[in-house]
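First the structure, in the form of C-alpha coordinates, and then the observations on it.
The values are calculated or read from the model by the stated rules, or taken from the named source; none is laboratory data. In this text the structure is predicted, and so the values were computed from the model without any measurement. Reconstructed Cβ throughout: ideal geometry from the backbone, glycine too, with neighbour counts over all protein chains shown. Heavy atoms of the whole protein, side chains included, go into the accessibility calculation; ligands, DNA and RNA do not. Shrake-Rupley method; radii C 1.70, N 1.55, O 1.52, S 1.80 Å.
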Amino acid sequence: MTRFGNAQSVSRSTGICSISGEALSPGTKAVAALCEREDDEGFDRIDFSETAWEDSGTPDRLFSHWRYRVPDKGEKEDIVIDDEVLLDLFERLDGDERPQRVAFRYILALVLLRKRKLQLVSRDQDKTGELWNLKFRGTDCDPVVVRNPDIKEDEIQDLSDQLGEILQGDF
(Lines give C-alpha, C1' and ligand atoms only; values in the text may rest on other atoms or scores of the structure.)
Protein backbone atom coordinates (compact mmCIF):
# COMPACT_ATOMS: atom_id res chain seq x y z
CA MET A 1 0.00 0.00 0.00
CA THR A 2 1.27 3.46 -0.84
CA ARG A 3 0.70 6.67 1.04
CA PHE A 4 -2.13 7.40 -1.41
CA GLY A 5 -4.05 4.21 -0.75
CA ASN A 6 -4.34 1.11 -2.86
CA ALA A 7 -6.62 -0.24 -5.54
CA GLN A 8 -9.22 -1.11 -2.88
CA SER A 9 -9.93 2.62 -2.50
CA VAL A 10 -11.84 2.27 -5.78
CA SER A 11 -14.28 -0.54 -6.28
CA ARG A 12 -13.98 -2.50 -9.50
CA SER A 13 -16.62 -3.19 -12.07
CA THR A 14 -18.69 -6.28 -11.38
CA GLY A 15 -20.04 -6.59 -14.94
CA ILE A 16 -23.58 -6.54 -13.54
CA CYS A 17 -26.20 -3.83 -13.96
CA SER A 18 -26.78 -2.32 -10.52
CA ILE A 19 -30.48 -1.78 -11.26
CA SER A 20 -31.59 -5.01 -12.94
CA GLY A 21 -28.97 -7.34 -11.44
CA GLU A 22 -28.41 -8.84 -14.88
CA ALA A 23 -24.99 -9.44 -16.40
CA LEU A 24 -23.92 -6.79 -18.88
CA SER A 25 -23.64 -8.64 -22.20
CA PRO A 26 -20.41 -8.36 -24.19
CA GLY A 27 -20.63 -5.84 -27.00
CA THR A 28 -23.50 -3.89 -25.47
CA LYS A 29 -23.40 -0.26 -24.45
CA ALA A 30 -23.35 0.54 -20.76
CA VAL A 31 -22.77 3.44 -18.39
CA ALA A 32 -20.24 3.56 -15.56
CA ALA A 33 -20.88 5.95 -12.68
CA LEU A 34 -18.20 7.03 -10.24
CA CYS A 35 -19.84 7.76 -6.88
CA GLU A 36 -18.17 9.08 -3.74
CA ARG A 37 -18.40 6.83 -0.73
CA GLU A 38 -20.15 8.04 2.41
CA ASP A 39 -16.83 8.13 4.31
CA ASP A 40 -15.19 10.15 1.47
CA GLU A 41 -12.36 7.60 1.47
CA GLY A 42 -12.75 6.48 -2.09
CA PHE A 43 -15.08 5.89 -4.99
CA ASP A 44 -17.50 3.18 -5.96
CA ARG A 45 -17.81 2.36 -9.63
CA ILE A 46 -21.40 1.41 -10.40
CA ASP A 47 -22.32 -0.01 -13.80
CA PHE A 48 -25.68 0.26 -15.53
CA SER A 49 -27.16 -1.05 -18.73
CA GLU A 50 -27.81 1.89 -21.03
CA THR A 51 -31.57 1.46 -20.59
CA ALA A 52 -31.37 1.23 -16.80
CA TRP A 53 -29.27 4.40 -16.68
CA GLU A 54 -31.80 6.32 -18.76
CA ASP A 55 -34.74 5.03 -16.70
CA SER A 56 -33.28 5.24 -13.18
CA GLY A 57 -32.08 8.81 -12.72
CA THR A 58 -28.84 9.96 -11.15
CA PRO A 59 -27.34 7.79 -8.40
CA ASP A 60 -26.53 9.28 -4.98
CA ARG A 61 -23.15 11.00 -4.55
CA LEU A 62 -22.46 10.95 -8.31
CA PHE A 63 -18.99 12.30 -9.08
CA SER A 64 -18.76 11.49 -12.79
CA HIS A 65 -20.09 9.08 -15.41
CA TRP A 66 -19.25 7.84 -18.91
CA ARG A 67 -20.54 5.46 -21.56
CA TYR A 68 -18.60 2.43 -22.74
CA ARG A 69 -18.88 -0.81 -24.67
CA VAL A 70 -18.80 -3.99 -22.58
CA PRO A 71 -15.75 -5.98 -23.72
CA ASP A 72 -16.03 -9.56 -24.93
CA LYS A 73 -15.07 -12.28 -22.43
CA GLY A 74 -11.32 -12.64 -22.23
CA GLU A 75 -10.80 -9.64 -24.47
CA LYS A 76 -7.99 -7.41 -23.27
CA GLU A 77 -9.35 -4.20 -24.69
CA ASP A 78 -7.10 -1.19 -24.90
CA ILE A 79 -8.27 1.49 -22.56
CA VAL A 80 -9.60 4.32 -24.64
CA ILE A 81 -10.39 7.19 -22.34
CA ASP A 82 -12.61 9.93 -23.66
CA ASP A 83 -10.91 13.32 -23.31
CA GLU A 84 -14.11 14.89 -22.00
CA VAL A 85 -14.24 12.34 -19.15
CA LEU A 86 -10.63 13.12 -18.25
CA LEU A 87 -11.26 16.86 -18.34
CA ASP A 88 -14.42 16.48 -16.26
CA LEU A 89 -12.60 14.45 -13.60
CA PHE A 90 -9.68 16.90 -13.63
CA GLU A 91 -11.94 19.91 -13.11
CA ARG A 92 -14.07 18.23 -10.44
CA LEU A 93 -10.98 17.47 -8.37
CA ASP A 94 -9.92 21.14 -8.34
CA GLY A 95 -9.65 22.42 -4.77
CA ASP A 96 -9.89 18.98 -3.15
CA GLU A 97 -6.89 18.76 -0.84
CA ARG A 98 -7.26 15.12 0.28
CA PRO A 99 -3.93 13.45 -0.53
CA GLN A 100 -5.33 10.70 -2.77
CA ARG A 101 -7.42 13.18 -4.74
CA VAL A 102 -4.45 15.57 -5.12
CA ALA A 103 -2.50 12.60 -6.48
CA PHE A 104 -5.31 11.60 -8.87
CA ARG A 105 -5.54 15.16 -10.17
CA TYR A 106 -1.78 15.18 -10.70
CA ILE A 107 -1.98 11.90 -12.66
CA LEU A 108 -4.85 13.31 -14.73
CA ALA A 109 -2.73 16.42 -15.42
CA LEU A 110 0.12 14.19 -16.63
CA VAL A 111 -2.28 12.35 -18.96
CA LEU A 112 -3.75 15.63 -20.25
CA LEU A 113 -0.26 17.05 -20.80
CA ARG A 114 0.68 13.95 -22.77
CA LYS A 115 -2.53 14.24 -24.83
CA ARG A 116 -1.67 17.91 -25.42
CA LYS A 117 -4.88 19.16 -23.83
CA LEU A 118 -2.87 21.09 -21.23
CA GLN A 119 0.45 22.87 -21.44
CA LEU A 120 2.85 23.79 -18.67
CA VAL A 121 3.11 27.56 -18.28
CA SER A 122 5.35 27.75 -15.21
CA ARG A 123 6.29 26.12 -11.93
CA ASP A 124 6.18 27.77 -8.52
CA GLN A 125 7.17 26.73 -5.06
CA ASP A 126 5.24 27.30 -1.85
CA LYS A 127 5.84 26.08 1.69
CA THR A 128 4.26 22.70 0.94
CA GLY A 129 5.96 21.95 -2.37
CA GLU A 130 5.89 22.44 -6.11
CA LEU A 131 2.91 23.92 -7.96
CA TRP A 132 2.38 23.58 -11.69
CA ASN A 133 0.60 26.35 -13.57
CA LEU A 134 -1.14 24.77 -16.55
CA LYS A 135 -3.19 26.23 -19.36
CA PHE A 136 -5.80 24.54 -21.51
CA ARG A 137 -4.45 24.57 -25.07
CA GLY A 138 -6.22 26.89 -27.47
CA THR A 139 -7.74 29.07 -24.74
CA ASP A 140 -6.92 32.39 -23.13
CA CYS A 141 -8.15 31.23 -19.72
CA ASP A 142 -6.13 31.85 -16.59
CA PRO A 143 -3.78 29.01 -15.71
CA VAL A 144 -5.00 26.27 -13.41
CA VAL A 145 -2.81 25.20 -10.52
CA VAL A 146 -1.92 21.58 -9.87
CA ARG A 147 0.05 20.51 -6.82
CA ASN A 148 2.88 18.10 -7.51
CA PRO A 149 2.47 15.61 -4.64
CA ASP A 150 6.06 14.43 -5.14
CA ILE A 151 5.03 10.86 -5.76
CA LYS A 152 7.52 8.14 -6.61
CA GLU A 153 7.55 6.10 -9.82
CA ASP A 154 5.91 3.03 -8.22
CA GLU A 155 3.19 5.23 -6.73
CA ILE A 156 2.54 6.81 -10.14
CA GLN A 157 2.09 3.29 -11.54
CA ASP A 158 -0.28 2.35 -8.69
CA LEU A 159 -2.38 5.49 -9.23
CA SER A 160 -2.37 4.96 -13.00
CA ASP A 161 -3.59 1.39 -12.48
CA GLN A 162 -6.37 2.68 -10.21
CA LEU A 163 -7.36 5.24 -12.83
CA GLY A 164 -7.48 2.49 -15.46
CA GLU A 165 -9.64 0.34 -13.20
CA ILE A 166 -12.02 3.20 -12.56
CA LEU A 167 -12.44 4.06 -16.20
CA GLN A 168 -12.34 0.61 -17.78
CA GLY A 169 -12.87 -2.06 -15.16
CA ASP A 170 -12.34 -5.78 -15.45
CA PHE A 171 -15.17 -8.23 -15.96
Sorted by accessible surface (1.4 Å probe, heavy atoms of the protein chains only), largest first, THR139, THR58 come out as THR58, THR139
What figure in square angstrom, to the nearest 10, would you give for the accessible area of ASP72 with a 1.4 Å probe?
80 Å²
May I ask you to give the solvent-accessible area per residue for region 78-141, in square angstrom, as obtained with a 1.4 angstrom probe?
61 Å²
Any of LYS117/LYS152; LYS73/LYS152; LYS127/LYS152; LYS115/LYS152 with alpha carbons more than 31 Å apart? Name them for me.
LYS73/LYS152
With a sphere of radius 11 Å drawn around the Cβ of TRP132, what net charge do the other residues whose Cβ falls strictly inside it have (Lys, Arg +1; Asp, Glu -1)?
+2
Averaged per residue, the 1.4 Å probe accessible area of region 24-64, protein heavy atoms only, in Å², is roughly 49 Å²
Just by accessible area at a 1.4 angstrom probe, what is the order of VAL121, VAL85 from largest to smallest?
VAL121, VAL85
